[in-house]
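Peer 1: Have a look at the structure that comes next, please.
Values quoted throughout were computed directly from the atomic coordinates according to the rules given, and no laboratory measurement underlies them. Computed from a prediction, not measured in an experiment: that's the story for all the values here. Cβ: placed from backbone, ideal geometry, glycine included. Neighbour counts: every protein chain shown.
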Amino acid sequence: MRLLIINGPNLDILGKREPEVYGTLTLWDIENRLKEKYSSVKLEFYQSNSEGGIIDALHKALDGSATGVVLNPAAFSHYSYAIRDAVAALKVPVIEVHLTNIHAREEFRRKSVIAPVCTGVIAGFGVRSYELAIEYLLGREDH
Ligand code: DQA
């Protein structure tokens, strides 16, 4: 099983970025924790601060070699139709994740334009959001 874990803008500065909102773990900490916990799964991590970088990473799942995608599009969640279209093109399940509960935050964060083309959305559990998404993908019968 091979999963792509794709993170969007400003997630590379986790730990330094509004720690009262996003916590003190760095993206490196999160990635290492996932690698340790799911050592039997091939996890591939991508992070980009640009829309095109995220789209290119999503395109890597087009050839069917990945079993699923865990995607935190960060602020792009709220307005990127280009990322939405890239997700819609995929045949493998894509789980949108957020560290924070976007529904309990500012109005502009409450809507994700990408969520309607995802298999599911997990928000508000910090690093556990990623773990819950991976658990779902591991538990699917058709992998
Ligand atoms: C986020 C929520 C987004 O609204 C925000 O722009 C982020 C992080 C989260 O993981 O909680 O950068 O996706």
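Peer 1: Measuring from label point to label point, each 7 Å out along Cα→Cβ, what is the Trp28 to Ala88 span in nm?
Peer 2: Spacing of the two 7 Å Cα→Cβ label points: 3.9 nm.
Peer 1: Just flag the trypsin sites (Lys or Arg not before Pro) in region 55-94 sitting in loop per DSSP whose Cβ has no more than 13 other Cβ atoms within 10 Å. Please list the in-between numbers first.
Peer 2: Details: sites: Lys60, Arg84, Lys91; in loops: Lys60, Lys91.
Listed in order of number, the matching sites are Lys91.
Peer 1: Follow-up. Can you tell me the dipole magnitude for region 2-139 around its Cα centre, using point charges on the Cβ only (Lys, Arg +1; Asp, Glu -1), in Debye to the nearest 20?
Peer 2: Details: 15 positive and 16 negative charges, 40 e Å.
About 200 debye.
Peer 1: Given H placed on each backbone N at 1.01 Å, which residues far from Phe45 in sequence or on other chains put an amide H within less than 5 Å of it?
Peer 2: The list, which skips near neighbours in sequence, is Ile5.
Peer 1: Roughly what would the spin-label model give for Ala75 and Lys35, points 7 Å off Cα along C-beta, in nm?
Peer 2: 2.9
Peer 1: How high is the relative contact order of the chain, in percent, counting Cα pairs under 8 Å that sit 6 or more residues apart?
Peer 2: Working: 255 pairs, mean separation 35.5, N = 143.
Averaging sequence separation for qualifying contacts and normalising by length gives 25 percent for the chain.
Peer 1: Under 5 Å between amide hydrogens, which residues at least 5 positions from Leu14 or on another chain qualify, with H placed 1.01 Å from N in the peptide plane?
Peer 2: Leu27
Peer 1: Mind listing which GluC sites (Glu not before Pro) in region 60-143 are in a DSSP loop and have 12 or fewer other Cβ atoms within 10 Å?
Peer 2: Values: sites: Glu96, Glu106, Glu107, Glu131, Glu135, Glu141; in loops: Glu106, Glu141.
Listed in order of number, the matching sites are Glu106, Glu141.
Peer 1: Now, a different point. Given 10 °C and 1.306 mPa s, compute D for the chain with the Stokes-Einstein relation, Rh being the Kirkwood radius over Cα pairs; round to the nearest whole µm²/s. If you can, show how the numbers build up before the last one.
Peer 2: Values: Rh = 15.0 Å.
The calculation lands on 106 µm²/s.
Peer 1: Collect residues whose amide H, placed 1.01 Å from N in the peptide plane, falls under 5 Å from the amide H of Gly23; neighbours closer than 5 in sequence don't count.
Peer 2: Result for Gly23 returns nothing.
Peer 1: Looking at Ala86, Thr67, Ile30, which one has the Cα that reaches farthest to the positive end of the dipole of region 29-101 (charges on Cβ: Lys, Arg +1; Asp, Glu -1)?
Peer 2: It is Thr67, whose Cα lies furthest towards the positive end.
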